[in-house]
Structure formats: structure tokens, C-alpha cells
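See structure below.
The values are calculated or read from the model by the stated rules, or taken from the named source; none is laboratory data. It should be emphasised that the depicted structure is a prediction, and the values quoted were computed from it without experimental measurement. Note that we place each Cβ from the backbone using ideal geometry, even for glycine, and neighbour counts take in every protein chain shown. Heads up: the accessible areas ignore ligands, DNA and RNA and are worked out on the full protein's heavy atoms, side chains in. Shrake-Rupley method; radii C 1.70, N 1.55, O 1.52, S 1.80 Å.
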Number of protein chains: 2
Amino acid sequence: MRRAKPKSQEYLTPESQKALADRLARAEGHLRSIRQMVLDHRCADDILIQVAAVKAALNHFASIIVETEMKACVEACMPGDADERLGRVTKALAALLKS
Amino acid sequence: MRRAKPKSQEYLTPESQKALADRLARAEGHLRSIRQMVLDHRCADDILIQVAAVKAALNHFASIIVETEMKACVEACMPGDADERLGRVTKALAALLKS
């Protein structure tokens, strides 16, 4: 006998919400420290390497949203019919690919 | 008679320092607002589009550093001999390309 389809995961559980918010808070702190590097006249290459690190952290944040949250969001709370929801998802992914 | 080679631009003039620091402060504020979106349970695609906007802002910041500051930094304040300085520049650009 086939098992019933499992209930899809809840969108942004309290745990994942906290983990994602903490990631963004760390990125904010990182940007603040880069701002201080600019004010301290630090070398351009050091500044760029830290900017690359923040961009990598944002890529990681986005990959978590896409991989573990997007499906639940589409099923549970995204407005619109199936076509509109597909359009919203592809628009967001295209924006990320351009950035 | 050829003109003397112009003095290279100063690295991070007070004006460009302020403009760059302001850009980073805006990106920090933007990340703070995305953190609030996560806490407000906003749709995943809306969150991703804002993350893409912050990444684009960081790309713009980095392009300004590369285009208008890197040369002055290499000439005026980057430590090491010519080979070491070239190594520093290429390492920073490679880090950005990976991010």
C-alpha cells in the first residue's frame, strides 16, 4: 500500500526563520566592518576580498531559500494561480542570476 | 614639449571615501529590511529579489573600487614589490569573480 503523500514542510519554521535572520545579521555586521575599512583607508584588494565574502554569504542565504523554503512557499502562501506562481519564481531566480 | 605625467589620483579621497561608505551603509540598511521580511514571513520570491538587489549594489561598489581606486592604491599604498602587488590585485579580482 502506498503511503499518503507527506504534508509539505511549513514555510519558514521558527527555527529556519531564526537561522536565516542570523545569517543576514552576520552579513550586516560584515558590511559594517567593510565600511570601517574604507574609513580606515585600507588597501583596495583587502576591501574587495571582504566584499566577495559578503556576496558569497548572500549567495548561500539565497541557496537555502531556494533549496529548502521555495517549494513550501509556493504551496502554502504564494498568491496567484499556478502560472502566476511559476512566473514569480522564475523572475526571482532570474534576478539572482543577473546579480 | 611633453607635459609632465600627471600626479596619479590620491587613493580614497575624502569625497570618494564618503560616497563609498554611504553606499555600504545603504546596503546594510537594505539587509536589515530583508531580515525583517524573513521575520514577517514574506514570500520567498520577494526576499530573493531584494537579496539580488543588495548583491547588485555590492557589485557596483566593487566596480567603483576597481575602476577608480585600485590604480591609486597600487601606486600609493599597497605593500610589496611589483610582482606581489600584481598578485594581490589578481587574487582580489578572482575572489569577486567566484562570488
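Points to keep in mind about this one:
- Helix axis angle, A:44-64 relative to chain A longest principal axis, alpha carbon, degrees: 10
- Pairs spanning more than 28 Å between alpha-carbon atoms, out of A:91/B:18; B:18/B:71; A:71/B:91; A:91/B:98; A:55/B:18: A:91/B:18; A:71/B:91.
- Test item: A:10-20 mean partner chain Cβ contacts at 10 Å: 2
- Mean-position separation - Cα centroids, segment A:22-72 and segment A:74-99, in angstrom: 24
- Ranked from shortest, the separations from the 7 Å Cα-to-Cβ label point of residue A:67 to its equivalents in the other copies are 3.4 nm.
- Protein accessible area in chain A, 1.4 Å probe - carbon and sulfur %: 56
- On a per residue basis, chain A carries 60 Å² of accessible surface, using protein heavy atoms and a 1.4 Å probe.
- Total accessible surface hidden between A and B, rounded to 100 Å², 1.4 Å probe: 4300
- Sum of -39500 (n - 2.57) over DSSP H runs of 4+, divided by residues of chain B (222 nm, nearest 500): -24000 deg cm²/dmol
- Volume per residue that the Cα convex hull of chain A spans, once the total is divided by residue count, Å³: 133
- Extension reserve of the residue A:77-residue A:36 stretch, reckoned as 0.36 nm per residue once the Cα distance is removed: 10.8 nm
- Residue by residue, segment B:17-26 carries 3J(HN,Hα) couplings of 4, 5, 4, 6, 5, 5, 4, 5, 4, 5 Hz when phi is fed to the Karplus relation 6.51 cos²θ - 1.76 cosθ + 1.60 (θ = phi - 60°); x denotes Gly or Pro.
- Shielding of B:32-40 by partner chains, average beta-carbon count, 10 Å: 5
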